[in-house]
1. Quick one: compute the contact order of region 363-434, relative version, from alpha carbon pairs under 8 angstrom and 6+ residues apart, as a percent.
2. Relative to the longest principal Cα axis of the chain, at what angle does helix 323-333 sit, 0 to 90 degrees, rounded to 10?
3. Once the piece of chain linking residue 252 and residue 33 is laid out straight, how much longer is it, given 0.36 nm per residue of separation minus the C-alpha distance between them?
4. Relative contact order for region 53-357: what percent, with Cα pairs under 8 Å and sequence separation of 6 or more?
5. Looking at the chain, send over the antiparallel percent of its DSSP beta bridges, to the nearest 5.
6. Specify the inter-centroid distance of region 306-336 and region 186-207, based on alpha-carbon positions, in whole Å.
7. Give, in nm to one decimal, the length gained when the segment between residue 134 and residue 90 is fully stretched (0.36 nm per residue of separation minus the Cα-Cα distance).
8. Translational diffusion coefficient of region 242-337 at 10 °C, 1.306 mPa s, Stokes-Einstein with Kirkwood Rh over Cα pairs, in µm²/s as a whole number.
Ligand SMILES: [Zn+2]
């Protein structure tokens, strides 16, 4: 007797008509035609059943603060940082907790159950840190929330940057952050990378830095981050977020840099929505795209996962907690529209991000946590195209959110009376796994 069986679903790897049987929050069987009884059965015929989505780069302390205390007029990263600097001293812990919890509600309805959030440590009051630690506890039953100590105003540049970051880690923040390109000089940036990697090695923590989020091709802190990763033996535990300067770097230099990053097993986290919105702002025409070299990094064997970064905050007025929106943009900006490319993009929203976050028991296999989402789409290609409704979201074997399928009603003579976008427009092009 199982707690829950999902019947006849399609899996991200292309398998069709698969049943998933769940007991005590764990996937106990994943195969065709499971005949055992279950307390609850969900018919997933023709629908994609995926592991829940993973966002490896977010700012939970700033989310849903759009318009406070004013809007970002220039739309630039630097005005966003300045605006956040205006809001930060007047924000209360209660407001931060309330907004974060509301965002987590939204995330759950989108099937997003694992989030790594940077937390600003620049204000020595550290209310941001207190608030996010409280949120991490509150959402634990339904969202895995990891926190990164993020010195937004610079580790060395902010008056109390060094001490505040240490205090945040003492308070229980999980990961060491950084922002080397925002320090006063390239040299300070380099020194900050070294100091922060040393802290991570001493404390046994992972590293995740905002690194080279600029169009300046000479912003090469990723090289230092990779070298220090190897020096301190942190391979596989370090993430480089954004890395947008790589877009503008000299090709010969990149041909040496990417193998170094592979040697250091750097986890690469581009943020397609934010990168395409904020980068290239000093260009006239042609305007650079500003996203890092996703295709080339994937081809070199690096683990690439995409972050949402921002939803309705000083940097980004858009966003919906939907990782498929992130993947949709990644397909466009990276120009990865082939079938194999799209499958890789879907992985970058799920399994790759889980690896970046070091999530245990994540996957669609016997023994993994039953953290799943059923989508109103047949497969990963259609999911990325449609950003469809999440029909059911399952956390440790329990349905925690449902959304009805989106069905359009038609009132046209001689035409169908309704349209299910997830079923009625599935293309039949050659080579598509059926
Ligand atoms: Zn960020």
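All of the numbers you see were taken from the coordinates with simple rules; none came from a lab. Quantities reported herein were computed from a predicted structural model and do not represent experimental measurements. Neighbour counts are summed over all protein chains in view; Cβ atoms, including those assigned to glycine, are modelled from backbone coordinates with ideal geometry.
1. Numbers: 94 pairs, mean separation 18.6, N = 72.
Over region 363-434, the number comes to 26 percent.
2. Relative to the chain, helix 323-333 is tipped by roughly 70 degrees.
3. 73.4 nm
4. Relative contact order for region 53-357 comes out at 20 percent.
5. 45 percent
6. Answer, in whole Å: 28.
7. Values: separation 44, 0.36 × 44 = 15.84 nm, distance 1.90 nm.
Between residue 134 and residue 90, full extension yields an extra 13.9 nm.
8. 113 µm²/s
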